[in-house]
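The values are calculated or read from the model by the stated rules, or taken from the named source; none is laboratory data. These figures come from a predicted structure and were not determined experimentally. Glycine gets a Cβ as well: all are built from the backbone with ideal geometry, and neighbour counts include every protein chain shown. Each accessible area value is taken on the protein alone, full model and side chains, heavy atoms only, with ligands, DNA and RNA left out. Shrake-Rupley method; radii C 1.70, N 1.55, O 1.52, S 1.80 Å.
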Amino acid sequence: MSRYLFLSWYVTLCSFGVLRSQSLFDEYDFRCEERRDQKIAAKLQLYEDKIKALENQIKSIDLKNQQDAEKINDRIFKLEETFQNFTNKNGSSTKPAQLMGREFYMVFPPLFFDGGDSYCVLYIVSITTGTCTVALPLLTKRYNLDLKPGQNTLFLLASYMALENQMEGKGVHIDCSTNVNVYAAKHDKFTTTAFLVLPIHSRFHYKYRYIPSIEPKSVAPQYYHLYNSTLSIVSSGDNNVVTVNLNLTEGDSITIDNQTYWYNESIRLLMNKYESVVISHGMDLTGSSVSSIDPIFLATGNNCGRLHDDNACSGMYSVIPLDDSNDSKNYEKEHLYVAPFFYPFLRGYRIRIMSKSLDYRLQYTVGSENKTEVLFVQSNFVDIDVESNDPVFIRASRFVSVMVITPGKNNTDGVGTAFMLHVPEQQSLLSEYHFVVPDLNTTSYITIVCRNVSQLRLDNGFINGESRTTYGVNSEPYEVVALPIPPGYHTATNIQGETFSLYVYGKQKPNLGYGFVAGFKIQE
């Protein structure tokens with residue numbers, strides 16, 4: 001029995017020992033899923049380290065390639081600069097001129113007073129040979145011009161000037177075989193005006209929302225019509241529906257082609273190709289709008305523009321560029337403008353800034369002043385009256401239309417200099433201009449606004465440094481040059497290809513004056 005008890009105790013003890021020995025194994029060895037996960041994590045970490053190492057290698061390669069690319073670009077720029085300097089010195093630059101277009105429509109503004117020597121003139125500028133047809137189809141007039149490089153001139157009779165508030169066939173059609181710039185001018189006994197003509201592009205719909213004008217000064221009733229503001233329209237297609245919303249005051253009206261339109265009524269005109277109309281009214285037409293089905297030529301002006309109460313008078317006339325910014329993703333982005341100053345005979349001017357939308361931010365600085373004016377615009381237009389003869393730097397939070405209006409005031413030398421000109425935004429400027437200074441019995445000048453005058457060549461010559469004035473606007477230096485210039489064909493080029501602005505204007509005693517922007521980029 002004792003033996004049996006001993007054996008039982010021994011078996012039990014052995015069994016307990018076996019069980020005891022099994023329980024002494026590390027439990028970690030039996031956690032298969034944990035071990036597998038940890039091995040996978042370790043491998044993933046290894047792969048991640050390898051990926052980071054590869055990414056660092058790629059970055060170093062990209063950096064090296066970028067540095068190499070920058071070195072190559074620097075070499076290319078230096079080679080281009082050397083080539084440009086060489087071609088300029090040898091007068092054989094192959095750089096294409098930035099001209100405007102091949103097809104144009106326009107109408108000459110109304111005759112102010114005919115002293116027997118009134119006339120109209122077209123200046124067509126080309127850098128190549130070619131041909132142009134100048135036609136007034138409804139008047140059965142047609143002129144064929146053989147173009148030569150430079151200025152090509154066509155004089156027309158004073159009868160080609162439009163009448164006011166009548167539908168006529170005085171639309172001038174210009175069709176050329178090569179790209180040209182077109183400038184037009186009219187001269188009568190008391191007024192002179194000249195303007196840049198913009199080409200017609202094949203867009204289906206045109207809409208103009210920026211109509212700049214000025215309020216005519218008070219005169220005796222029998223002279224009201226002489227001081228009216230005007231809108232000139234020419235149609236490029238048949239059965240073209242043109243809608244005009246004039247900014248009239250309540251209770252006021254206008255009669256066009258024997259049809260009377262009252263305040264808040266839309267003027268709807270059915271115009272055929274080449275037909276023209278000059279809408280004339282004794283109010284400031286700023287804020288009016290024009291839209292059409294087919295492309296139209298549109299210009300604004302004033303028969304006898306003046307900002308001051310004296311007897312100075314000169315016609316204003318300026319084309320209005322089509323604004324496509326409402327269809328552009330850049331519309332709400334910042335836009336920059338630099339309004340010019342003029343030759344010392346002109347003392348002060350007005351800048352009119354217009355927008356189709358309200359609620360935008362406007363900053364402007366006059367000349368080198370440290371003070372920057374900030375406006376939050378809540379109206380159709382804003383006026384900045386510049387008493388000094390300084391350029392004005394303008395920054396707008398959205399696209400605006402900027403127009404300069406000079407006063408037409410008699411100064412000590414008895415000169416009236418009224419004119420109106422469009423100021424392009426900085427991104428629309430050119431680096432090369434082929435332009436005409438009209439011969440209208442006036443003394444003419446140009447103003448150039450640029451970063452570095454030493455880079456400019458006027459008719460292949462340097463610009464007189466004594467005429468230069470530097471303004472530190474927007475914390476960056478702008479150099480402004482205003483100098484006399486003879487009539488005829490001229491070129492202005494920046495040899496480094498940098499853009500600048502160029503304005504042409506003139507004066508003559510007692511009251512003749514004109515002014516226009518030489519050119520700018522337009523959307524095709």
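Looking only at residues that are open to solvent by less than 10 Å² (accessible area, probe 1.4 Å) and part of a loop (DSSP other than H, G, I, E, B) in the stretch 432-444, which one is modelled with the lowest pLDDT?
Across the stretch 432-444, the extreme among qualifying residues is LEU440.
Right, ARG398: among the basic types (Lys, Arg), on the phi < 0 side of the Ramachandran plot, at pLDDT 80 or above and surrounded by 15 or more Cβ atoms within 10 Å (Cβ to Cβ) or not?
In short, yes.
How about the stretch 367-382: which of its residues are free of Cβ contacts under 8 Å to residues at least 40 places away in the same chain and either part of a strand (DSSP E or B) or not charged (D, E, K, R) (or both)?
ASN370, THR372, GLU373, VAL374, LEU375, PHE376, VAL377, GLN378, SER379, VAL382
Can you give me the ranges of the strands (runs of 3 or more DSSP E) entirely in the stretch 232-311 with at least 3 residues that are touching a residue at least 12 places away in the same chain (Cβ under 8 Å)?
Counting at least 3 such residues, we get 240-245, 253-256, 267-271, 276-281, 289-292, 296-305.
Filter the stretch 260-302 for residues that are hydroxyl-bearing (Ser, Thr, Tyr), modelled with pLDDT of 85 or more and open to solvent by 40 Å² or more (accessible area, probe 1.4 Å) and give the result.
The answer is THR260, SER266, TYR274.
All but one of (1) assigned to a strand (DSSP E or B); (2) modelled with pLDDT under 85; (3) polar (S, T, N, Q) hold for THR447; which doesn't?
Going through the list (1) assigned to a strand (DSSP E or B); (2) modelled with pLDDT under 85; (3) polar (S, T, N, Q), THR447 breaks only (2).
Being open to solvent by less than 30 Å² (accessible area, probe 1.4 Å), among the polar types (S, T, N, Q) and over 17 Å from TYR105 (Cβ atoms) narrows it down to one of THR131, THR192, THR140, THR153, so name that one.
The match here is THR192.
In the stretch 333-391, what residues are within 22 Å of the chain's Cα centre (by Cα) and charged (D, E, K, R)?
If the condition is that a residue be within 22 Å of the chain's Cα centre (by Cα) and charged (D, E, K, R), then LYS333, GLU334, ARG350, ARG352, LYS356, ASP359, ARG361, ASP383, ASP385, ASP390 are the ones that fit.
What are the residues in the stretch 166-185 that are within 21 Å of VAL278 (Cα to Cα), part of a strand (DSSP E or B) and open to solvent by 10 Å² or more (accessible area, probe 1.4 Å), if any?
Those that are within 21 Å of VAL278 (Cα to Cα), part of a strand (DSSP E or B) and open to solvent by 10 Å² or more (accessible area, probe 1.4 Å): GLU168, HIS173.
Could you list, in sequence order, the residues of the stretch 347-366 that are open to solvent by less than 40 Å² (accessible area, probe 1.4 Å) and part of a loop (DSSP other than H, G, I, E, B)?
Residues satisfying the conditions are GLY348, SER355, SER357.
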